[in-house]
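Beneath this line is the structure, given in structure tokens, with notes to follow.
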Amino acid sequence: MRFILKRFIVSMSICLLWLGLTSVAFTEVLGEYTSLVCPTSLGIPERPYVDADLAEDDTHMTADEAEIIEDGISTLSGNAAITRNDQQVTAGTIKYNQPQDTSDLSDNVNYWDTELYLRSDDAFLQHDNGIGEFSYTDYILKDSRGRGTAEKLVLDIGTRTDMDRLDFTTCEPEDRFWSFTASSLSLDHENNNGKARNVVLRIKDVPVFYTPYMSFPLSKERKTGFLTPSYGTTNKNGFEALTPYYWNIKPNMDATITPRLLTNNGIMAMGEFRYLYSRGSGSINAEYLPSDNRRSDKHRNFIDLELSQKFANTGDLFATYSRVSDKFYHEDFGSQLSATSTSFLEQRADVAYSGNNWNLLARVQNFQTVNRSIPTSSRPYKRLPQIKFNYNTPKKNNKLNYGLSSEAVYFDKGDNIVTTNGIQSNTNVNGLRLNLDPHISFPMSSVATFLEPKLRLRFTQYALEKNALFNSSPNRILPIFSLNSGIFLERETNLFNTDYVHTFEPRLYYLFVPHDDQTDLPVFDTGQYTISFASLFYEDRFSNADRVGDANQLTLAVTSRLITEYGREIGDVSLGQTIYFRDRKVTLPGSSARDEATSSFIAAFNTSIIKNTHVSGNFQWNPNVSNSTEKITFQTTYNPRPGKILNLSYRNVRNNEVNIIGTNIEQSDISFHWPFQQNWSFVGRWNHSIREGRSLELFGGIEYESCCWAVKGVARRFLSNVRGEYDTGIFFQMELKGLAGIGKKTADFLRQNIPGYQSEF
């Protein structure tokens, strides 16, 4: 424990020393800030009204009394004021030197312009060049809500502001939580940046940080320099500290280089490069740990690339590439189970062209198998290449519509040599698949009805190699006929003294596909759709072209909606079921034919009829099995105002189908962001597996937010890998508004885990 504490202190000292000896780019110093809890008034007195029609650069002087002494020197007293353009200054006494065009001001000097308010003991103005010198000044920056004092302030109107021996804060005078002092401060308004020297940061008047030099932007525009450091701790990686360096290469191009100290692992180098053009964008993220102390000095790395580019007016290029050094990388350095359990990383490039009624896609696709222990037979196929062409006429009512979907793709998985009784054979099947799918339809509709017969013809041809399981050139040709029909009925109704339009929409969908024995065809990329209300109207129960499901079935469904007089739908419910007129014989390998007379009964609903509340759910009941309930999902969100939200959900899924992705699941999930006192809020989430009797994600925390500072603290316990191992962590974020923030970016984490979460920082 002593050793860990020592490393923590050393690492903190290194980070603070680094920040103290370098130029620090605080991304929000003196920048804009708007908060719901902040008062609109900044305590700026109202400027006097000037009853004069002034031309640009005209100087107007008023006073209760005026006295011309000698040599063009005048004395104005009693509500004396000078107005020029957007600037105005008042004082008890103004001595104006007409030959030199200067003024000496004393006795309660006040200055206003579009960005700044000043109150000073005395001032000196050079009217010809717009320079003013103010002594012992109170100032307020209107946009940033910043305020403070300065012994001397020199104002070059519209160009720069220089201060000596000053302090600064965005807090209200009665709640001065933080402030910083500096020996000097220069604000360059033309280049939108500032520089300060000998900066001391104070919390409640207690010095906590010093740097001899600090640079910062005056707005939210990007600026090269060190960004705010980030801190956190987990059981797995220990204490971690990140100090990003931001490089503003061009207005459309930037990079961030981040050293990441992990006390249990070592020092990781992280980098991000981004660019944006009118016709394209891209990003590269890379991480490298040269020697991982926790993994026997193993070199570890990760890269993720993504880019898109338009060309030739109708062309698009898209590429993505991801790769990790080892199977434990995401588990060690990721924060979500969905990432840590990733088995395959995609590497893909697409080139696409499109016209008015057609589109063409050329693709090459590969996958990195993160866990190399996964057998070759269970890995996804490479597409080297894939060509897709689609053509469709614009859909017109009472007109013949036609189109074509086509695909040619070469699948490659390499060899998987198996020896049986001394004989070697390759169990992997590689080869070419050509699929042609022309279709015609004749949609007919009126105000209250629609009817659409449709005919498709699926032709698939294979050219296989390196296999001993299938004929080298099998093929299949099948017609598919569907008839989609429905009626729209509506009536006016009144519920809870509110007028609505109530609809009743019955729908019939007939599908016929003759049976064809397809056991002689390989399965490259085909799976079975999970049943849902939408899948009741699919023309095939299989994805992609290796299988075409036989069918002679009728789907009966109905949807009812409740619509306000302004056209906003506030609720709907849908019910549906498919009746099978014959058994389904076409299956995927490992599954058997289905002989049920009906499909599962599907129900789905959404409603927001209760104010500030949205409720949705799905119900799936199978009359053909004893344990008939296959799916129950329920979600509700209560959101009475921004920043106040409660989410509740329940999910119970039982998969009785073979070859359908997923397992039996029963989970509950509650998440919230809930204010309990002025400026204070609770945050939390509990995702619990009822079936397994364990928590998948559990965290809780507290937030405080005022006009000038905010803090978040979150404690988290989460399932870190598929083996059921847990990790715990504490994350802390603090922001001094208008200056900077320190700590791990917990706001991003909370947005990912609490639907509807909003935060000012």
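Where a number appears in this text, it was derived from the coordinates with a stated rule and is not lab data. The structure displayed is predicted, hence computed values, not measured ones. Cβ sites come from the backbone with ideal geometry, for glycine too, and all protein chains shown count toward neighbours.
Taking a spot 7 Å from the Cα of His502 along the direction of its beta carbon, which residues of the stretch 550-577 have an amide N less than 16 Å from it? It comes to 559-565, 570-574, nothing else. Here's the picture: a label point sits 7 Å out from the Cα of Ala319 along the beta-carbon direction, and within the stretch 353-390 the residues with their amide nitrogen under 16 Å of it are 362-367.
If you place +1 on the Cβ of every Lys and Arg and -1 on the Cβ of every Asp and Glu, how big does the dipole about the Cα centre of the chain come out, in debye to the nearest 20? Kindly include the intermediate steps, with their values, before the conclusion.
Details: 77 positive and 88 negative charges, 1016 e Å.
So the magnitude is around 4880 debye.
Extension gain, Tyr402-Asn356: 0.36 nm per intervening residue step, less the Cα-Cα distance, totals 15.1 nm. If the Kirkwood radius is taken over C-alpha pairs of the stretch 96-234, then at 10 °C and 1.306 mPa s the Stokes-Einstein diffusion coefficient equals 97 µm²/s.
In this simple spin-label model, placing a label point 7 Å from the Cα along the Cα-to-Cβ direction at both Ser308 and Glu65 gives a separation of 7.3 nm. Whole angstrom only: what separates the Cα centroid of the stretch 425-492 from the Cα centroid of the stretch 173-244? If we compute the Cα centre of each part, the gap is 62 Å.
Dividing the mean sequence gap of close Cα pairs (under 8 Å, 6+ apart) by how many residues the chain holds gives a relative contact order of 7 percent.
Subtracting the Cα-Cα distance from 0.36 nm times the residue separation, let me have the gained length for Tyr277 to Phe601 in nm, one decimal.
Working: separation 324, 0.36 × 324 = 116.64 nm, distance 5.02 nm.
Extra length from Tyr277 to Phe601 when fully extended: 111.6 nm.
Modelled spin-label separation between Ser377 and Tyr210, with each label point placed 7 Å from Cα along the Cα-to-Cβ direction: 7.1 nm.
Can you tally the net charge around Ser215? Count Lys and Arg as +1, Asp and Glu as -1, for every other residue whose Cβ sits under 9 Å from the Cβ of Ser215. Taking every other residue near Ser215 into account, the sum is +2. Straight-distance candidates among the lysines for linking to Lys454, with alpha-carbon spacing under 20 Å and chain neighbours fewer than 8 residues away dropped: Lys395, Lys396, Lys399.
For the stretch 428-529, the relative contact order comes to 23 percent (Cα pairs under 8 Å, sequence separation of at least 6).
Within a 10 angstrom radius of the beta carbon, how do Phe124, Phe134 rank from fewest other beta carbons to most?
Values: Phe124 16, Phe134 26.
Least crowded to most crowded, the residues run Phe124, Phe134.
Over the Cα atoms of the stretch 343-473, each weighted equally, I'd like the Debye log10 I(q)/I(0) at q = 0.21, 0.23 Å⁻¹, rounded to two decimals. Relative scattering, expressed as log10 I(q)/I(0), comes to -1.20, -1.30.
If you average the C-alpha positions of the stretch 252-287 and of the stretch 543-608 separately, how far apart do those two centres end up, in angstrom? One Cα centre to the other: 45 Å.
Paramagnetic label reach from Ile563 (point 7 Å along Cα→Cβ; backbone nitrogen cut-off under 16 Å): within the stretch 430-449, residues 446-449.
Would you order Glu67, Glu630 from fewest to most other beta-carbon atoms within 10 Å of each residue's own beta-carbon?
Details: Glu67 11, Glu630 21.
Ranking Glu67, Glu630 by Cβ neighbours within 10 Å, fewest first, gives Glu67, Glu630.
Between Phe470, Leu361, Gly403, the Cα set farthest toward the positive side of the dipole of the stretch 343-473 (charges on each charged residue's Cβ, about the Cα centre) is that of Gly403. Taking label points 7 Å from Cα along the Cα-to-Cβ direction, Arg641 and Ser628 give a separation of 4.8 nm.
Using the count of nearby Cβ atoms within 10 Å as a rough guide to exposure, how do Asp128, Asp143 rank from fewest to most?
Asp128, Asp143
So which of Lys204/Lys712; Lys142/Lys737; Lys712/Lys737; Lys327/Lys631 end up more than 23 Å apart by C-alpha? Write out the running numbers ahead of the final one.
On the way: Lys204/Lys712 19 Å; Lys142/Lys737 14 Å; Lys712/Lys737 14 Å; Lys327/Lys631 33 Å.
Violating the 23 Å Cα-Cα cut-off are Lys327/Lys631.
Highest mean packing comes first when the peptides 709-718, 644-653 are listed by Cβ atoms within 10 Å, giving 709-718, 644-653.
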